[in-house]
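K.L.:
Got a structure for you, written out below as structure tokens; questions coming shortly.
Only the coordinates and a few stated rules stand behind these numbers; no lab work does. In this text the structure is predicted, and so the values were computed from the model without any measurement. FYI the Cβ positions are ideal-geometry reconstructions off the backbone, even for glycines, and counts take in every protein chain you see.
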Amino acid sequence: MKIDLLSPETFAAGQPHDQYQWLREHSPVHWHEEPAGRGSWAVTRYEDVWTVDRDFQAFSSEPTIMIPDAGPEASGAFGPYKMMLMMDPPDHTAFRKLIRSEFTLPSAKLREERIKALARQIVDAVIEKGECDFVHDVAGEMPSCVSAEGMGLPLDDGRELYKLTEIIHTAPEALPPGSGGQAVAKMFEYGSKVIAEKRARPSDDLASKLLACEVDGRKLDDMEFLLFFLLLVDAGGDTTRNLLSGGLLALMEHPDQFAWLKADLDARLPAAREELLRWTSPVIYMRRTAKHDVELGGARIREGDKVVMYFGAANRDPAKFDRPEVLDLARAPNDHIAFGTGPHGCLGQHIARIEIDAMLVEVLSRMDRFELPSAPEWLPSNFISGPKAMPLKFRPGPRLG
Ligand code: HEM
């Protein structure tokens, strides 16, 4: 089996489950050459991914969680500054603590009614037309609006920031040179305006709270705020969008399961949503770097080696899931690892679940007779998986206002 988990083409029609299966069976901790790098270990079994994600003493998130060492974090473009996602405890613990309370289940629940109202408006905007680009017009709208509102920004600005996120998450090979760096620079330029605005007129939003909070007895400086801003806008955008688009596609490809879900949507949605998370696994990988020599899944990993966890592969591991290749919306238990685990486990998972549920309820209860006039186009990314465009036809219905 030819193994290539780096080329964007490998992910051009979804995640490479044939390669994942071969790797889990024959080389679960696999040395993967890189055309322009020093190579990395690809980890595909659930148990090993779990171990790497939790053992921060052996597997560091520094200097970066991306495979190439050329990104701004690893190349030192941010100077001594690091994004929380790329820190180890105790620094990571201190930074995560600053915003943890904003992302607990009770805090997320406080936003539930507003998120449901947004979902209703998003479907209202397309329902009379009987056609839309589901990724752009529906799935992408939800996280752009939620992230903008959370930060206390105009919704249109949220949409612009979300476009930048998409560029940042696209493989550099698939973009004109320098596009990723320019997108980060634009994000920072916007973030700097947010700093000025929120310092002048603080409010009850997350941006104002971040500017007011203290780490080690001092306020965050501008760069620390900007890296938080980048992380929070980035992490909740195309991940949630891809779950929604990839999830609807999976339902359309499994009509029996789709009908089962619709027959009792409210009761069946929680289990179905978890299965769609397992099935789509929107975050393809996170990288760690070995802090010392260590053995994993029979491989001898050396200090400094890159170790890459493939969440989509772990989520189809037959050692963990019964008939993992079957979409079973009633699956229980379902200990998928689509949100990661350990110290960096997804901070936004409660908000994400509320967004997903609100959107799926609106889409599945109000839109009907879905048809794909052309094949969905997938994101050319080896990092984030999902359709990039998904033209969709459906039976038109009334707005709810
Ligand atoms: C379906 C949607 C989502 C998926 C699949 C997802 C997945 C992930 C994954 C795999 C990680 C890395 C975990 C690890 O290394 O163990 C992560 C981290 C993170 N996610 Fe999410 N995420 C989603 C939505 C969100 C949302 C809506 C937010 C809200 C802002 C968010 C914020 C974060 C943050 C801040 C981190 C970094 C946590 C840390 O470093 O401590 N995510 N997410």
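K.L.:
Could you give me the percent of Cα pairs per 5 Å distance bin for segment 100-185, shortest bin first, beginning at zero and ending with the bin that holds the maximum distance?
P.N.:
3, 12, 18, 19, 18, 14, 10, 5, 1
K.L.:
For segment 353-401, what class follows from the C-alpha gyration tensor (a ≥ b ≥ c being the square roots of its eigenvalues): rounded when a/c is under 1.5, otherwise prolate if a/b is larger than b/c, else oblate?
P.N.:
oblate
K.L.:
Which residues among segment 57-88 fall inside the zone where the amide N is under 18 Å from a point 7 Å beyond the Cα of D216, along Cα→Cβ?
P.N.:
Counting backbone N atoms under 18 Å from the label point, the list is 62, 78-88.
K.L.:
With the Cα gyration tensor of the chain in hand, convert its eigenvalues to equivalent ellipsoid semi-axes via √(5λ) and list them largest first in whole Å.
P.N.:
Over the Cα atoms of the chain, the semi-axes work out to 31, 28, 19 Å.
K.L.:
While we're here: Treating only the Cβ atoms of Lys and Arg (+1) and Asp and Glu (-1) as charged, compute the dipole magnitude of segment 118-236 about its Cα centre; round to the nearest 20 debye.
P.N.:
Once rounded to the nearest 20, the dipole reads 360 debye.
K.L.:
Quick one: net charge around L164, please, counting Lys, Arg +1 and Asp, Glu -1 for every other residue with C-beta under 12 Å from its C-beta.
P.N.:
Local net charge: -3.
K.L.:
Now for a different question. Is the C-alpha gyration tensor of segment 1-147 telling us rounded, prolate or oblate? Criteria: a/c under 1.5 is rounded; beyond that, a/b larger than b/c is prolate, otherwise oblate.
P.N.:
Taking the square roots of the gyration eigenvalues as a ≥ b ≥ c, segment 1-147 is oblate.
K.L.:
Please list 29-38, 233-242, 159-168 highest first by mean number of surrounding beta-carbon atoms within 10 Å per residue.
P.N.:
233-242, 159-168, 29-38
K.L.:
By the gyration tensor of its Cα atoms, with a ≥ b ≥ c the square roots of the eigenvalues, what is the shape of segment 262-401: rounded for a/c under 1.5, prolate for a/b over b/c, or oblate?
P.N.:
It is prolate, given that a/c is not under 1.5 and a/b is the larger ratio.
K.L.:
Here's another thing I want to ask about it. About its Cα centre, how strong a charge dipole does the chain have in debye, to the nearest 20, once Lys and Arg get +1 and Asp and Glu get -1 at the Cβ?
P.N.:
Charge dipole, the chain, about its Cα centre: 580 debye, nearest 20.
K.L.:
Apply the membrane-span-like helix rule to the chain: whole DSSP H runs, Cα extent along the own long axis of at least 18 Å, mean Kyte-Doolittle hydropathy at least 1.0. List the helices found.
P.N.:
222-236
K.L.:
Taking the Cα centre of segment 328-401 as origin, sum charge times position over the Cβ atoms of Lys and Arg (+1) and Asp and Glu (-1), and report the length of that vector in debye to the nearest 20.
P.N.:
260 debye
K.L.:
For segment 104-109, in order, what is each residue's ³J(HN,Hα) by Karplus, 6.51 cos²θ - 1.76 cosθ + 1.60 with θ = phi - 60°, in whole Hz (x at glycine and Pro)?
P.N.:
Going residue by residue, I get 5, 4, x, 5, 5, 4 Hz, with x marking Gly and Pro.
K.L.:
In addition: Along the charge dipole of the chain, which of L251, L265, Y310 sits closest to the positive end, that is, farthest toward it, with unit charges on the beta carbon of Lys, Arg, Asp and Glu (+1, +1, -1, -1)?
P.N.:
About the Cα centre, the residue reaching furthest to the positive side is L265.
K.L.:
So if I average 1/r over every pair of distinct C-alpha atoms in segment 182-317 and take the inverse, what Kirkwood radius in Å does that give?
P.N.:
19.0 Å
K.L.:
Still on this model: If packing is taken as the average count of other Cβ atoms within 10 Å, what order do 287-297, 380-390, 317-327, 145-155 fall into, highest mean first?
P.N.:
Going by the mean number of other Cβ atoms within 10 Å, highest first, we get 380-390, 145-155, 287-297, 317-327.
K.L.:
Shifting gears a bit: Around L329, with a cut-off of 12 angstrom between Cβ atoms, what is the net charge of the other residues, counting Lys and Arg +1 and Asp and Glu -1?
P.N.:
0
K.L.:
Taking a cut-off of 23 Å between Cα atoms, list the lysines near K262, but don't count ones fewer than 8 places away on the same chain.
P.N.:
Excluding near neighbours in sequence, the set is K116, K129, K393.
K.L.:
Which net charge results when you count Lys and Arg as +1 and Asp and Glu as -1 among the other residues whose beta-carbon is under 13 Å from that of P391?
P.N.:
Neighbour charge sum, excluding P391 itself: -2.
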